[in-house]
Amino acid sequence: MSAPAKPTEPKNPVTSRIDALFARLKAANEKAFVAFVTAGDPDLDISARILAGLPQAGADIIELGMPFTDPMADGPAIQAASQRALAAGQTLKGTLDMVRNFRADNDITPIVLMGYYNPIYTYGVDKFLSDAKAAGIDGLIIVDLPPEEDDELCLPAMAAGVNFIRLATPTTDEKRLPDVLNNTSGFVYYVSITGITGSAPPQQKAVADNIARLKKHTDLPICVGFGIRTPDQAAAMAAIADGVVVGSALVDVIGETAENRAQTVDKLLALASALAEGVKRT
Amino acid sequence: MEQKNSFRAGPDEKGRFGLYGGRFVAETLMPLILDLEAHYEAAQKDPAFAAQLEDLQTHYVGRPSPLYYAERLTEHFGGAKIYLKRDELNHTGSHKINNCLGQILLAKRMGKTRIIAETGAGQHGVAVATVAARFGLPCTVFMGATDIERQKPNVFRMKLLGADIRPVTSGAGTLKDAMNEALRDWVTHVEDTFYIIGTVAGPHPYPAMVRDFQSIIGRETKEQMLAREGRLPDTLIACIGGGSNAMGLFHPFLDDAEVNIIGVEAGGFGLDTPDHAASLAGGTPGVLHGNRTYLLQDDDGQIIEGHSISAGLDYPGIGPEHAYLRDTGRVTYVSATDKEALEAFQLITRLEGIIPALEPSHALAHVGKIAGDLPADHLLVMNMCGRGDKDVFAVAEHLNVEL
């Protein structure tokens with residue numbers, strides 16, 4: 001398909017809050033803590049408070065899940081999060097509104113939407129991109145849009161100035177890697193295991209080897225996710241990557257505090273702080 | 001040679017049938033799907049693959065399946081001459097085995113050592129468990145907990161055949177949820193696992209591959225009808241969940257403009273209620289399970305659970321090639337309700353001594369709606385894609401009979 005991106009030449013210069021963040025972190029020799037929560041989980045009010053509290057708790061980037069009935073790449077924790085949010089009435093429009101409200105007080109922390117293509121397709125790609133941009137969304141991670149389907153959303157997103165962040169996986173071989181990195185901007189999300197979210201923790205050595213492989217093809221920051229649950233695991237991954245994503249462990253707090261919703265926000269933000277400390281330890 | 005403007009030309013190199021189809025999957029699966037496509041293309045060109053498949057179809061499945069003139073049914077409706085394509089006589093009791101044999105031969109070619117599958121009514125699950133036993137591969141079948149409850153005979157058959165049955169409790173616990181779980185398993189075991197998808201859906205090349213393996217139904221029908229009546233049939237009718245039996249019957253006839261083709265979706269409690277599984281009649285285009293097609297969904301793009309009396313039809317999507325054939329108008333899509341299917345089930349059982357599955361009972365219900373108004377020389381073929389052994393308990397319950 002396309003020629004490999006030259007390592008020296010940054011591809012797709014969509015300048016964004018994400019680029020600014022990684023520039024700041026690089027200057028300070030720090031790694032990024034990326035916190036995942038699902039929008040509207042367990043309800044709009046608590047979810048908005050979590051979102052507002054995450055930057056203070058140490059999240060450098062917020063990855064906000066767009067709930068979907070059929071999250072095929074997600075394990076039980078994030079499936080449950082989607083179901084709670086949908087049961088509470090969350091919609092894609094509601095998710096965009098949440099981000100717009102967040103932006104009234106925070107114009108720095110990048111927000112990346114993560115999810116599946118169908119709700120966006122149904123919303124309408126052009127309208128979605130224009131509304132997302134206006135709401136203050138910086139990037140998109142869409143699980144079921146591989147490079148083969150770039151015409152659908154990736155290329156329109158780039159044109160609209162929204163980062164399209166691609167997932168690279170252990171099965172992404174040398175032949176595919178240039179295609180996967182092409183049209184990617186903001187950062188690269190390295191999926192540390194072949195599996196679904198919330199699986200067993202990744203092996204540091206294997207991940208390190210794969211990151212080294214990716215680095216030969218791109219200058220973009222590389223964040224690692226899937227299976228990372230504890231501050232120690234986060235510290236281990238931060239030692240070898242530019243950022244660490246934690247999702248299921250945070251979302252589990254929302255599931256575990258179902259009987260006592262007064263604790264949900266504080267407990268989740270406390271875990272986020274501990275994870276951020278792990279990431280910054282290196 | 002394919003004619004210009006052929007309805008049989010798809011999919012294109014992106015796996016599209018017009019707007020529909022494609023490869024909407026996670027990156028982890030993408031290399032695997034490209035590998036599968038390459039192996040399938042190589043297998044298609046390999047006479048040894050075709051020869052082995054044909055040998056199994058003849059001696060293991062019992063093909064060709066008969067094209068049976070349903071004399072009493074014809075008399076009953078008093079119109080069109082009704083033929084039944086008897087794919088319910090296949091080994092395992094449905095058309096599903098046609099596809100499973102093709103795919104397991106491909107799995108062996110690719111050196112895969114583990115088989116997974118999703119199943120709704122259990123017909124596909126039984127067929128997969130059967131070929132897995134025949135070829136000595138371990139097999140895991142994902143099945144919605146609700147479906148396990150209403151398809152107990154098939155669940156036990158799969159267990160006897162050595163399959164590991166994984167109940168799926170997410171969502172409504174039906175076919176769509178089983179497919180999600182199978183995809184999650186696949187992404188976790190990409191190295192050694194082959195996913196035998198049971199219908200003409202999923203990411204490219206599955207819709208085309210399953211169609212090709214099922215097209216033997218239509219090719220045989222064509223030959224048998226020419227031998228029997230000296231001409232092509234006037235009307236083809238088949239039921240549609242994902243649409244594999246229908247695509248198998250329809251595909252060889254798509255460019256025969258004189259053949260009227262009708263697909264029958266599951267109307268559940270009626271299209272004017274929310275409880276049906278008619279994706280074409282009541283759905284809109286969307287992306288699910290690796291392909292773009294018509295889906296039952298709400299305004300926010302959230303998928304709605306389908307409902308049908310038949311566990312094999314209550315899928316909220318439909319194969320992408322059917323979506324294309326609907327938009328182009330080549331195939332007409334209608335629906336039959338639970339009640340109509342149940343009546344047709346009883347009618348054919350009494351008139352022809354054939355207990356059909358609830359799935360083709362939907363097709364039969366539509367035959368009943370049109371046959372009487374057609375002339376006596378009108379040749380109508382209905383695909384009897386499955387037998388009803390698995391459904392007798394469910395039917396008894398619907399008829400308020402205690403066994």
The condition of being in a loop (DSSP other than H, G, I, E, B) and surrounded by 12 or more Cβ atoms within 10 Å (Cβ to Cβ) holds, among B:SER65, B:SER6, only for B:SER65
Taking the conditions exactly as written (at positive phi and within 14 Å of chain B (Cβ to nearest Cβ)), does A:GLY124 satisfy them or not?
yes
Notebook entry, point to check: Based on what the data block shows, is B:ARG134 surrounded by fewer than 24 Cβ atoms within 10 Å (Cβ to Cβ), at pLDDT 95 or above and touching a Ser or Thr at 6+ places or on another chain (Cβ under 6 Å)?
Noted result: no
### Qualifying residue in the range A:86-93 (condition: among the β-branched types (Val, Ile, Thr) and assigned to a loop (DSSP other than H, G, I, E, B))
yes
Going by the conditions given, is B:LEU271 crowded, with 24+ Cβ neighbours inside 10 Å, in contact with a helix residue (DSSP H, G or I) (Cβ under 6 Å, 6 or more places away or on another chain) and touching a residue at least 12 places away in the same chain (Cβ under 8 Å)?
no
When every residue in the range B:241-259 that is surrounded by fewer than 17 Cβ atoms within 10 Å (Cβ to Cβ) and in contact with a Leu (Cβ under 8 Å, 6 or more places away or on another chain) is compared, the one farthest from the other protein chains (Cβ to nearest Cβ) is B:GLU258
Picking from B:ALA266, B:ALA277, the residue that is in a loop (DSSP other than H, G, I, E, B), more than 8 Å from chain A (Cβ to nearest Cβ) and over 14 Å from A:THR69 (Cβ atoms) would be B:ALA277
By residue number, the members of the range B:217-235 that are aliphatic (A, V, I, L, M) and surrounded by 24 or more Cβ atoms within 10 Å (Cβ to Cβ) are B:ILE217
Among helices (runs of 4 or more DSSP H) entirely inside the range A:103-173, those with 2 or more residues being small (Gly, Ala, Ser) and either free of Cβ contacts under 8 Å to residues at least 60 places away in the same chain or more than 21 Å from A:GLY195 (Cβ to Cβ) (or both) are A:125-135, A:154-159
Does A:LEU51 count as within 11 Å of another protein chain (Cβ to nearest Cβ) and aliphatic (A, V, I, L, M)?
no
Filtering the range B:12-32 down to residues that are more than 9 Å from every other protein chain (Cβ to nearest Cβ) and either buried (at least 21 other Cβ atoms within 10 Å of the Cβ) or not in a loop (DSSP other than H, G, I, E, B) (or both) yields B:ARG16, B:PHE17, B:TYR20, B:GLY21
Quick check on B:LYS81: is it modelled with pLDDT of 95 or more, surrounded by fewer than 24 Cβ atoms within 10 Å (Cβ to Cβ) and under 30 Å from B:ALA376 (Cβ atoms)? yes
If we keep only residues of the range B:280-303 that are closer than 16 Å to B:GLY120 by Cβ and in a loop (DSSP other than H, G, I, E, B), then the residue farthest from the other protein chains (Cβ to nearest Cβ) is B:LEU296
How many residues of the range A:161-195 are among the polar types (S, T, N, Q) and at the interface with chain B (Cβ under 7 Å from one of its Cβ atoms)? The answer is 4
All-but-one check, B:ALA238 against (1) in contact (Cβ under 8 Å) with a residue 60 or more places away in the chain; (2) aliphatic (A, V, I, L, M); (3) surrounded by fewer than 24 Cβ atoms within 10 Å (Cβ to Cβ), failing number (3)
Exercise. Could we say that A:PHE68 is within 14 Å of chain B (Cβ to nearest Cβ) and among the aromatic types (Phe, Trp, Tyr) here?
Worked result: yes
Filtering the range B:154-189 for residues that are surrounded by 19 or more Cβ atoms within 10 Å (Cβ to Cβ), among the aliphatic types (A, V, I, L, M) and either within 17 Å of A:THR197 (Cα to Cα) or out of contact with any Ser or Thr (no Cβ under 9 Å at 6 or more places or on another chain) (or both) leaves a count of 5
Residue pairs qualifying under the 9 Å Cβ cut-off, at least six apart or on distinct chains, with the first in the range B:48-62 being among the small types (Gly, Ala, Ser) and the second being in a helix (DSSP H, G or I), are B:ALA50/B:ALA43; B:ALA50/B:GLN44; B:GLY62/B:LEU89
Those residues of the range B:182-220 which are at pLDDT below 95 and of a type in the set (Asp, Glu) amount to B:GLU191
Practice task
Please verify whether the range B:61-78 includes one or more residues that are away from chain A (no Cβ under 14 Å) and closer than 20 Å to B:ILE197 by Cβ.
Solution key: yes
The condition from (1) more than 14 Å from chain A (Cβ to nearest Cβ); (2) in a helix (DSSP H, G or I) that B:ILE82 misses is numbered (2)
Of the residues in the range B:357-403, those that are acidic (Asp, Glu), more than 22 Å from B:PHE250 (Cβ to Cβ) and either free of Cβ contacts under 8 Å to residues at least 24 places away in the same chain or surrounded by 18 or more Cβ atoms within 10 Å (Cβ to Cβ) (or both) come to B:ASP391, B:GLU397, B:GLU402
Being under 17 Å from the mean Cα position of the chain (by Cα) and more than 10 Å from chain B (Cβ to nearest Cβ) narrows A:ALA104, A:ALA157 down to just A:ALA157
Those residues of the range A:200-229 that are in contact with a helix residue (DSSP H, G or I) (Cβ under 7 Å, 6 or more places away or on another chain) and either in a loop (DSSP other than H, G, I, E, B) or of a type outside the set (A, V, I, L, M, F, W, C) (or both) come to a total of 7
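The values are calculated or read from the model by the stated rules, or taken from the named source; none is laboratory data. All values derive from a computational prediction rather than experimental measurement. Glycine gets a Cβ as well: all are built from the backbone with ideal geometry, and neighbour counts include every protein chain shown.
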